[in-house]
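Asker: After the structure tokens below, expect a handful of questions from me.
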Amino acid sequence: MGKNSWMVKAFLQMKFPVKVKFIKGFTGAKKYYTVPSGKTNVDMKSLLKCALCPNMCKFECPSLRVTRKEMYAPATKARISYHMERGDIDMRDPHSAEVPFLCTNCDGCRNWCPMDISTGKLLKSVRADLVAADCVSEDLKDFDARVLENGTTFKKDTFSSHPDFDVRMENPEVFYFIGCVMAEKKPAAVTANINILKKAGVRFCTYSSERNCCGGPSNTVGFRNTASMLARKNLDLFKQSGAKTIVSDCPACVDTISNVYKELGFKHKFLAITTVEYYRMLIEQKKLVLGKLDAAITYHDPCISARYFGDVENARFIFGKIQGLQLREPFLHGKETQCCGMGGVSHVHHPRESEAIGKQRYEQLEKTGADYIVTACPACEEGFGIACCSVTGKILDIAEILARTMV
């Protein structure tokens with residue numbers, strides 16, 4: 001009992017739901033962990049201890065998978081970051097300061113962690129401390145300057161070059177918040193979303209000539225002042241529009257508006273949801289009717305949708321309403337999806353690793369033999385576009401599928 005006394009202290013500090021899980025783990029352990037004796041040559045007890053170690057998340061980490069360097073494993077990144085925060089390791093050492101950034105924030109570690117810890121979320125806060133200490137790369141400083149100057153993560157004319165994106169219906173129910181990546185890299189998908197909303201009779205607006213980047217990318221890499229400035233501007237625009245519901249084609253934008261804004265101190269009552277969730281609602285309300293499409297698709301679950309929001313059903317519900325459509329699931333799907341490589345703004349600070357991660361996932365999706373790879377995240381679509389290079393029209397946004405089947 002002496003060596004386990006620390007567990008009593010930990011138990012007393014736990015929230016009630018965690019206490020329940022803790023007790024169930026102890027009382028039900030034998031049911032799941034009893035090892036048949038004499039049936040194996042391996043030391044099963046030791047093997048089980050290894051399997052249940054918190055480091056079991058290592059296999060899921062995309063950064064570790066492509067670098068094959070232990071320092072980029074989730075637990076190791078946490079240890080290095082911890083000692084940097086304590087001052088044991090100098091933040092000004094570029095090699096050490098780089099470590100918290102080699103994470104795509106896919107939350108794969110949390111999906112397998114018995115303690116439900118998101119290393120990626122912790123590393124976002126470490127990055128903010130590195131920014132405050134001016135210990136970040138010139139690439140990231142240039143990224144922040146570009147966002148501040150252009151209001152997007154891309155060019156100043158990302159939105160102005162598409163005047164048809166600027167919709168201003170009177171008394172809008174919905175503010176369609178177009179993601180920066182979608183506008184820059186997948187304008188056809190933006191057009192598809194606009195056509196779907198019009199076809200369904202939705203009153204909406206975009207104010208694309210005035211909207212700014214949601215601020216999510218800036219917050220992710222530690223530029224919280226920039227993220228706060230963008231949050232303030234967008235919330236003012238939402239209020240000005242009169243819409244109460246924010247629908248975005250980018251899960252990261254939805255997460256930023258729903259959660260990050262509040263973490264940054266901005267209280268608001270806007271409902272932010274993804275286009276996938278909204279389109280399911282329209283289908284159930286019979287405002288959006290889908291027809292037939294003879295094609296085989298595979299669906300890539302965006303990490304934010306599947307793991308942050310727990311949404312692995314809405315897209316599949318939609319596909320089930322399209323006659324003739326064949327869904328071929330990749331081996332890893334749902335909450336066990338794998339990263340596209342574009343998370344954590346990785347393509348800015350670690351482009352080689354970002355592309356390698358994207359290629360690994362693209363190859364998994366290609367093995368299904370589907371005609372199209374479909375997803376609902378512009379960053380994923382960009383990552384797979386880089387991975388498949390010259391294959392035109394292979395990567396589709398879910399809106400592009402819906403637009404082809406609308407009745």
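Asker: Please build a GNM for the chain, connecting alpha carbons under 10 Å apart, and tell me which residue among Ala192, Ala243, Ala295 fluctuates the most.
Answerer: Judging by the Gaussian network model, the answer is Ala295.
Asker: With each pseudo-label sitting 7 Å past Cα toward Cβ, what's the Lys156-Phe16 distance in nm, one decimal?
Answerer: Result: 5.7 nm between the two label points.
Asker: How long are the semi-axes of the equivalent ellipsoid of the range 171-301, taking √(5λ) for every eigenvalue λ of the Cα gyration tensor, in whole Å from largest down?
Answerer: Result for the range 171-301: semi-axes of 27, 17, 13 Å.
Asker: So what is the diffusion coefficient of the range 318-373 in µm² per second by Stokes-Einstein at 20 °C and 1.002 mPa s, using a Kirkwood Rh over Cα pairs?
Answerer: The calculation lands on 168 µm²/s.
Asker: Quick one: 3J(HN,Hα) in Hz for the range 317-327, Karplus 6.51/-1.76/1.60 with θ = phi - 60°, rounded, Gly and Pro as x.
Answerer: Per-residue couplings from phi come out as 4, 4, 4, x, 8, 9, 5, x, 7, 10, 9 Hz.
Asker: Let me ask something additional. From Cα pairs below 8 angstrom and at least 6 apart in sequence, can you work out the relative contact order of the chain, rounded to a whole percent?
Answerer: 15
Asker: Can you give me the relative contact order of the range 289-405 as a percent, contacts being Cα pairs under 8 Å and 6 or more apart?
Answerer: 31
Asker: Which whole-percent values make up P(r) of the range 289-405 when all C-alpha to C-alpha distances are grouped in 10 Å steps starting at zero?
Answerer: P(r) over the range 289-405, rounded to whole percents: 14, 48, 31, 6, 0.
Asker: Could I ask something else about it? Taking each pair of distinct Cα atoms in the range 367-407 once, what is the resulting Kirkwood hydrodynamic radius in Å?
Answerer: 10.8
Asker: Tell me, what are the semi-axes, in whole angstrom and largest first, of the equivalent ellipsoid of the range 58-136 as set by the roots of 5 times the Cα gyration tensor eigenvalues? Please report the intermediate quantities before stating the final value.
Answerer: Values: eigenvalues 87, 34, 22 Å².
Here the semi-axes work out to 21, 13, 11 Å.
Asker: Right, next: Pull up the DSSP beta bridges for the chain and report the antiparallel fraction as a percent, rounded to 5.
Answerer: Looking only at bridges with both residues in the chain, the antiparallel portion is about 10 percent.
Asker: Looking at the range 288-379, which chymotrypsin sites (Phe, Trp or Tyr not before Pro) are in a loop (DSSP not H, G, I, E or B) and have at most 14 other Cβ atoms within 10 Å?
Answerer: In loop regions of the range 288-379 (DSSP not H, G, I, E or B), the sparsely surrounded chymotrypsin sites (Phe, Trp or Tyr not before Pro) are Phe331.
Asker: If each residue's Cβ is checked for other Cβ atoms within 10 Å, how do Met182, Met169 rank with the fewest at the top?
Answerer: The most exposed by this proxy come first: Met169, Met182.
Asker: Also, quick follow-up: Compute the long axis of helix 74-86 from its Cα atoms, compare it with the longest principal axis of the Cα atoms of the chain, and write down the angle in degrees, 0 to 90, nearest 10.
Answerer: 80
Asker: Sticking with this structure for a sec: Excluding residues fewer than 8 places away in the same chain, name every one of the lysines whose C-alpha is closer than 27 Å to that of Lys287.
Answerer: Qualifying lysines at Cα under 27 Å: Lys186, Lys198, Lys199, Lys239, Lys244, Lys269, Lys321.
Asker: With loop defined by DSSP as not H, G, I, E or B, and exposure as at most 14 other Cβ atoms within 10 Å, which is the longest segment of the chain clear of exposed GluC sites (Glu not before Pro)?
Answerer: That would be 1-169.
Asker: Tell me, what HN-Hα J-couplings in whole Hz come from the Karplus equation 6.51 cos²θ - 1.76 cosθ + 1.60 at θ = phi - 60° for each residue of the range 339-356, using x for Gly and Pro?
Answerer: Residue by residue, the range 339-356 yields 5, 7, x, 9, x, x, 6, 4, 5, 8, 9, 9, x, 5, 5, 4, 5, 5 Hz.
Asker: How large is Rg/Rh for the chain, to two decimals, with Cα atoms and a Kirkwood Rh?
Answerer: My calculation of the ratio gives 0.99.
Asker: Right, something else. Near the amide H of Asp371, under 5 Å away, which other amide H atoms are found, from residues 5 or more places off or on another chain, if H is placed in the peptide plane?
Answerer: Ala296, Ile297
Asker: Within 10 Å of each residue's Cβ, count the other Cβ atoms and sort Lys394, Lys9 from fewest upward.
Answerer: Ordered by Cβ neighbours within 10 Å, fewest first: Lys9, Lys394.
Asker: If amide hydrogens are placed 1.01 Å from N in the peptide plane, which non-local residues have theirs closer than 5 Å to the one on Leu288?
Answerer: Amide H neighbours of Leu288, under 5 Å, 5+ apart: Ile283.
We did not get these values from a lab; they are worked out from the coordinates using the rules stated. Bear in mind the structure is a predicted one, so any value in this text is a computation, not a measurement. Heads up, the Cβs are rebuilt from the backbone with ideal geometry, glycines too, and the neighbour counts pull from every protein chain shown.
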